[in-house]
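Undergrad: Let me begin by handing over the structure; questions about it come next.
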C-alpha cells in the first residue's frame, strides 16, 4: 500500500514554504498585521454558490458548527475593533467539487487594507504577483466590456439572458444546463468558466472589475453606476486566482443581502443559513472604509511551479487525507 505517501515532492514542499515566506515578508514590509481567526463558526455562509462543511460535536449541548469557507466575517470584526490593515494565511473548507484546481480543503490568503479602494488594492495585488510569479503587470477590463469583446453581449442589457442562451447552447457540455436555466447570473458564470476564462492570456494576468450588482456579494455598489458592484477577480493562464471587493460597510444593506441569499436558497431547495448577528453588529459599530481580497495559495503555487494539477502542490489532498 503506497497511498500513505504525499502527492507533492520534497522540492515542491520547499517551494511552498518559500512562497509563504515571501508573502509574509511582503506584508511585513508594508506593516500589515498577520492575524488568526477561528476555522469553526456557529454560522455558515449564505451565498448560494458556496456550501460549508458542517461539524457535529459529541457534546449534545453544542449546536452544529461550520468550517469556514473564508475568514471574512471574523476578519471584518477585527477591522471594526480597530486592528487596522490585516492579513491571514489559513486553511478553508468548501463542500465542493474535486478536480484539477479544486480540493475541499485549501489554503487562502486574505487581506484587508484600511483606506484603500478596489483600484488601490488591485495595484497592491499586482506588486505581489510580480514578486512571486515574475510576471508582467495585469491588464484591467470591466466585466461589461469583457463580455462585449468576447461574446458581443452586454451583460447589463435587458436582452442579456436570451443572447447568452443562444451563445451557450452551441457548447454541448453545458447545453442541457443552459436549456433549463432561468437565472441570468448562472448563465453569466457558465459563460465565464466555459467560454471566456480558458482563453485568458497565458502571458499576462487579467483583472476583471465592476461585476454586475446582482453578483456584488459583500462589495459596495458603484455610486456612479448602481448597475455594477466594486468587485473584481484576477485571472492568469485560465486560472481564477483572487476575488476582491471595495467592502460594503452598511449593516442594513448587508442584512438585506443575507435575506435575499436565503430567499434564493429556499427557491433552490438549499438549507437556509442563520444570520451572523455578531458580524452585522460589527458593521453597525463601524467597519472602516477598506478593500479586501481572497487569493488561492495552492493555485498561485501551481502557477509559480508550472504544476498542472492541485495534487502536485498539496502534501495530502482529500483522497489521501
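Undergrad: Filter region 309-321 down to the residues that are modelled with pLDDT of 95 or more and surrounded by fewer than 17 Cβ atoms within 10 Å (Cβ to Cβ), then identify the one that is nearest to residue 23 (Cα to Cα).
TA: Taking the candidates together, the pick is 315.
Undergrad: While we're looking at this one, here's another question. Mind checking which pairs have a first residue in region 147-158 that is in contact (Cβ under 8 Å) with a residue 24 or more places away in the chain and at negative phi and a second that is part of a loop (DSSP other than H, G, I, E, B) and surrounded by fewer than 16 Cβ atoms within 10 Å (Cβ to Cβ), Cβ under 7 Å, 6 or more apart or different chains?
TA: Close Cβ pairs satisfying both conditions: 147/154.
Undergrad: Which of the residues spanning region 83-118 are out of contact with any strand residue (DSSP E or B) (no Cβ under 8 Å at 6 or more places or on another chain), touching a residue at least 24 places away in the same chain (Cβ under 8 Å) and part of a loop (DSSP other than H, G, I, E, B)?
TA: Of everything in region 83-118, those that are out of contact with any strand residue (DSSP E or B) (no Cβ under 8 Å at 6 or more places or on another chain), touching a residue at least 24 places away in the same chain (Cβ under 8 Å) and part of a loop (DSSP other than H, G, I, E, B) turn out to be 98, 100, 103.
Undergrad: Turning to a different aspect of this structure: I need every pair where a residue in region 45-66 that is in contact (Cβ under 8 Å) with a residue 24 or more places away in the chain has its Cβ under 8 Å from the Cβ of a residue that is in a loop (DSSP other than H, G, I, E, B) and surrounded by fewer than 12 Cβ atoms within 10 Å (Cβ to Cβ), sequence separation at least 6 or different chains.
TA: As it stands, the answer is 65/56; 65/57, since those pairs meet every condition given.
Undergrad: Could you check, for region 286-298, whether at least one of its residues is assigned to a helix (DSSP H, G or I), at pLDDT 95 or above, touching a strand residue (DSSP E or B) at 6+ places or on another chain (Cβ under 6 Å) and surrounded by 15 or more Cβ atoms within 10 Å (Cβ to Cβ)?
TA: Yes.
Yes or no, residue by residue, for (1) in contact with a helix residue (DSSP H, G or I) (Cβ under 8 Å, 6 or more places away or on another chain); (2) buried (at least 20 other Cβ atoms within 10 Å of the Cβ); (3) modelled with pLDDT of 95 or more:
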{"residue": "50", "(1), (2), (3)": "no, no, no"}
{"residue": "75", "(1), (2), (3)": "no, yes, yes"}
{"residue": "78", "(1), (2), (3)": "no, no, yes"}
{"residue": "95", "(1), (2), (3)": "no, no, no"}
{"residue": "111", "(1), (2), (3)": "yes, yes, yes"}
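Undergrad: Exactly one condition in (1) surrounded by 13 or more Cβ atoms within 10 Å (Cβ to Cβ); (2) farther than 22 Å from residue 51 by Cβ; (3) without any contact (Cβ under 8 Å) to a residue 60 or more places away in the chain is not met by residue 301; state its number.
TA: (3)
Undergrad: Could you tell me whether region 217-237 includes any residue that is outside any strand (DSSP E or B), farther than 24 Å from residue 184 by Cβ, modelled with pLDDT under 95 and within 21 Å of the chain's Cα centre (by Cα)?
TA: Yes, region 217-237 contains a residue that is outside any strand (DSSP E or B), farther than 24 Å from residue 184 by Cβ, modelled with pLDDT under 95 and within 21 Å of the chain's Cα centre (by Cα).
The values are calculated or read from the model by the stated rules, or taken from the named source; none is laboratory data. For clarity, every value in this text was computed on a predicted model and none was experimentally measured. Here the Cβ is made from the backbone with ideal geometry for all residues, glycine too, and neighbour counts use every protein chain on show.
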